[in-house]
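**Student:** The structure under discussion is supplied below as structure tokens; questions concerning it will follow.
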Amino acid sequence: MTALWSSPERRSGHCPSCAGERPFEQPPCADGHEPGECPEWACADCGHAIMLGTAESTLPVRQLVTAAA
């Protein structure tokens, strides 16, 4: 995605479905994220959804520990 921001909830980027540069918007967040903080984005033309995030926004994975034989 390009960094063309017009507001925290709207940006321009490449849409794989439309095969071109399109506006993306953030739909209302059901997870309680503040405007501009939600990783969910949707193409304003076709609705193709994408997730954007950073390493800080992911949760660590618990590792399964098994006893040695």
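**Student:** Taking the Cα-to-Cβ direction at E40 and at T66 and moving 7 Å from each Cα, how far apart do the two end points lie in nm?
**Tutor:** With each label point 7 Å from Cα toward Cβ, the separation is 3.6 nm.
**Student:** Follow-up. Based on the mean of other Cβ atoms within 10 Å per residue, sort peptides 37-49, 18-30 so the most packed one is first.
**Tutor:** On the way: 37-49: 15.3, 18-30: 13.2.
Per-residue Cβ counts within 10 Å, averaged per peptide and sorted highest first, yield 37-49, 18-30.
**Student:** Between R22 and R10, what length in nm is gained on full extension when 0.36 nm per residue of separation is reduced by their alpha carbon distance?
**Tutor:** Working: separation 12, 0.36 × 12 = 4.32 nm, distance 1.06 nm.
Computed gain between R22 and R10 is 3.3 nm.
**Student:** Quick check: pseudo-label points 7 Å beyond the Cα along Cα→Cβ at I50 and C29, how many nm apart are they?
**Tutor:** Each label point is offset 7 Å from its Cα along the Cβ direction, giving 1.8 nm.
No lab work stands behind these numbers, since they all come straight from the coordinates. Note that this is a predicted model, so its numbers are computed, not measured. Neighbour counts run over all protein chains shown; Cβ positions are idealised from the backbone, glycine included.
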